[in-house]
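Rule-based calculations on the coordinates, nothing more; no lab input. In this text the structure is predicted, and so the values were computed from the model without any measurement. Note that each Cβ is placed from the backbone with ideal geometry, even for glycine, and that neighbours are counted across all protein chains shown.
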Amino acid sequence: MSVGWETWIGVAALVVALTALVVALVVYLQARRAGRRMGRPARRYGTGLGPREQDGPAERLVAFVANPSKPGVTELRSTLVEACLDAALPEPLWFETTIEDPGRGQALDALAAGADVVVAVGGDGTVRAVAEAMAGSGTAMGILPRGTGNLLARNLDISTTSVEDALATVLSGHDRHVDVGRLRVDEFAEEPEPGSEGARDVDHVFLVIAGLGFDAAMVADADPTLKSKVGWMAYFFAGVRHLHGRRTRMRIEIDDAPAVETRVRSLMVGNCGLLPGGITLIPDAVIDDGRLDVVAIDARAGLVGWAQVFGEVVMQGIGVSSDNLPARAGRIDTSPARRVVVEVDGAAGEHVQVDGDLLGRARRVTAWVEPGALVVRSA
């Protein structure tokens, strides 16, 4: 029996994808070892926090909004206080998040107290919650990444492995105006659980990627215990369980263009495109270009299609375009957008997530961009 060219392309793509996965794992393990350094920063910090007034004192107030559920965060408090004092700053404010309020209320309290920079200490969920309060305020948000993915930090070149380097960015980095994505669930397939992130008539901030379908189902099924042990790799293991899931028919309307109907595995709206392990999902995404990027991922023919998708992600990450390749069983299509409306066919809807936070199952969502709405302290 002869082997078709489609099979050989699939096998080749799978080999490339597996190689990339091994490289990503090595990078992750090296980063994890480096990240175990949680001691007090050895150097004295300069500060990029200028005076409140031209002739006023140079003291500026830093506030930390910390997620105490993350390993080592509570113990980090004394280190951060001493670092601010070393930089000739006032003793910083310290707020801890709760299950009921993952950071938005605490960030608002910090702003009300006169903080000049509000620092999210935790994972992507904490960063997103703090950003909801900070967007439009004109006050800078800092990031001390202590989570699983740390996606925004990676896209802004903020260290995810060294507390010392990340803190140096907070105290002496520069302010950057970045875009903010917002997503509203217009129609739920089922009512969200009480106390969950999902709610009607609420605009949810996302800074990296929002999505429906495979990516959100992967987030929903990621095992918390496994996440604590192997970090972002837990999402890959969860994704394996959904490789044979159904393709979903969606109606997609981008800006003023006519709506199109298509079948996809996943529909994502990205503000920036770098994932853990150095994987670039959206090469054209820029966090301050005033637009979002809509990404439709499809995979047919089972593992062959997924192998081609993973292979395409790897190839585009190194600058190789797949636009001129023949018809494939798996593909990624992108389109710039300022506003996108997505309708999911079927009463069951699809899981929807914003920066890794699940909102429930939705049948219709609207996402849009707010250009330059958030000031972030970056490297």
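For this structure, a couple of remarks:
- Number of positions in the range 60-93 that are of a type outside the set (Lys, Arg) and more than 21 Å from Asp124 (Cβ to Cβ): 18
- No other residue among Gly122, Gly136, Gly105 is surrounded by fewer than 19 Cβ atoms within 10 Å (Cβ to Cβ), of a type in the set (Gly, Ala, Ser) and at positive phi apart from Gly136.
- Every residue from the range 331-362 that is in contact (Cβ under 8 Å) with a residue 40 or more places away in the chain, in contact with a Gly (Cβ under 9 Å, 6 or more places away or on another chain), assigned to a strand (DSSP E or B) and farther than 26 Å from Pro102 by Cβ: Thr334, Val344
- Answer from Ala115, Ala88 - the residue that is buried (at least 18 other Cβ atoms within 10 Å of the Cβ) and more than 18 Å from Arg146 (Cβ to Cβ): Ala115
- Residue that is surrounded by the fewest Cβ atoms within 10 Å (Cβ to Cβ) [pool: residues in the range 161-188 that are among the β-branched types (Val, Ile, Thr) and in contact with an Asp or Glu (Cβ under 6 Å, 6 or more places away or on another chain)]: Val180
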